[in-house]
1. Computed FRET efficiency, Cβ-Cβ of residue 342 and residue 96, R0 41 Å: what is it to the nearest 0.05?
2. Only helical DSSP H runs with n ≥ 4 go in: add -39500 (n - 2.57) per run for the chain, normalise by residue count and round the 222 nm mean residue ellipticity to 500 deg cm²/dmol.
3. When ranked by the protection proxy of mean other Cβ atoms within 10 Å per residue, highest first, what sequence do the peptides 77-88, 2-13 form?
4. Rounding to the nearest 10 and keeping the result within 0 to 90°, find how far the Cα-based axis of helix 36-72 lies from the longest principal axis of the chain.
5. Stretch residue 432-residue 304 to full length: gain in nm at 0.36 nm per residue minus the Cα-Cα span?
6. Write down the Kirkwood hydrodynamic radius of the chain, to one decimal in angstroms, obtained as one divided by the mean of 1/r over all alpha carbon pairs.
7. For residue 231 and residue 159, what does the FRET efficiency come to when R0 = 25 Å and r is the distance between their Cβ atoms, rounded to the nearest 0.05?
8. If the cut-off is 20 Å between C-alpha atoms, which aspartates and glutamates fall inside it for residue 176, apart from same-chain ones fewer than 8 positions away?
Amino acid sequence: MELGLTLRLAGPIVLGNLGQILIGVVDTLMIGRLGVAPLGASAFVNNVFVIPLVTMMGLLAAVTVLVSQSKGAADDRQVGRIVRHGLGLTAVVSIAMFLLMAANSLFLDRYGQEAVVVEASRSYYWLIAASMIPALLYHCLKSVWEGLGWSRLPMLVLLAGIGLNVLLNWLLIFGKLGLPALGLEGAGWATLIARWAIAIAMFALTLRARRFAAYLPRRWLSGYRWTEFRKMLKLGLPMAAQHLFEVGAFGGAGIIVGWISKEALAAHQIAMSCAAMAFMIPLGLSIACGIRVGEAYGGGDHARLRMIYSSALGFSLAQTVVSALFFLLAGGLLASLFVEDEQVVSIAASIFVVVGLFQIFDGAQVTILGALRGISDVNVPMLITFVTYWILALPVGYVIGFPLGFGAIGVWMGLAIGLFAAALALYLRLRQRVG
């Protein structure tokens, strides 16, 4: 019964998460038709962009946790305070992250990438950086809705935005219907326009939704309290650090792979896009698990809490085994859908062997993290993610990839080892806290 309720909540979240990733996958598919250098440039920019984006998503995950706990405690007024302060925090951090990306544009040639990749990336970089603000605004509103257990509307808004992104990609990358063919820059414009459309639609629908009326702030520009921001930051900063350590490791792996060749970087981007798609299922399950664990925790029902997380973890393991088999059997075919270059396809197919194996570890660790966040246990998991990703995964991946000569696949082997260690350590922590 608990698993069924978790899956019912997780379904729209998974579809919404898949939609978020689909924007990047669609870009990769379409940009791949332009050649290896534009695909490598896209990979480079997104490896840089995703680090501050996902880190701030971790910070805003505090909104989901606090909303679900307040709902479990039947405190509607507190939910309204979280909405106002969450949006205020989002405005500040989104602008700050855009300015950080703008400053970083001065150092694009310091990442050790091939000159042709850096030059191809410059205009695309600025457009993707500008999409930081709408991406985080949408994510904050999505977090509130999901914390209340209403995950369908954010999913529908995002899926509509994906359709817009695909249409704009077709028009602007390839120059259809009389528009100029902008190539990689066109993909950047398509992403920026689509993300603003998604954010504006989500905000407008939130204001008009009858079921949300009880939670809307009476004042938007006043009534802010430092105590509310401090509560969010106390919970959100460790989660932001967790996200930074994880996505930074994957982004760092992409930069390391770029030291090998533009072909290896393109193959890495293909594998990362597909792995990210598959990861959205356990990630959605993790978010739903955390929401339901938070409600049970807020209501003081610890027996139900244990049933929720154990059933979610079991389902996650079963689902990721299926994903692993798919990548092991169909990796080469998947790679050939993205690009025609035989060298890139060969490298990507070898990477997919490792991707298939670490899917299992990745699904387990993210599901456990969701349960820990539901009980507001964030500091020890933050330390675990730092050690397993930065002290273990990246150094081991570098050693296997370069001194041992395995190349890109060696870097991915290091990531898999780090994920296994993270899953084991987080599971022991969860058992220590809730049994």
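No value in this document is a laboratory result; all are computed from the given coordinates. Note that this is a predicted model, so its numbers are computed, not measured. Here the Cβ is made from the backbone with ideal geometry for all residues, glycine too, and neighbour counts use every protein chain on show.
1. Working: r = 44 Å, r/R0 = 1.06.
It comes to 0.40.
2. Numbers: 14 runs with 360 residues, N = 435.
Using -39500 (n - 2.57) per qualifying helix, the result is -29500 deg cm²/dmol.
3. Values: 77-88: 20.2, 2-13: 18.3.
Listed from highest to lowest mean packing, they are 77-88, 2-13.
4. 10
5. Details: separation 128, 0.36 × 128 = 46.08 nm, distance 1.68 nm.
Gain on extension, residue 432 to residue 304, equals 44.4 nm.
6. Working: mean 1/r = 0.0458 Å⁻¹.
This gives a value of 21.8 Å.
7. On the way: r = 33 Å, r/R0 = 1.31.
It comes out at approximately 0.15.
8. Hits, sequence-local ones excluded: 27, 185.
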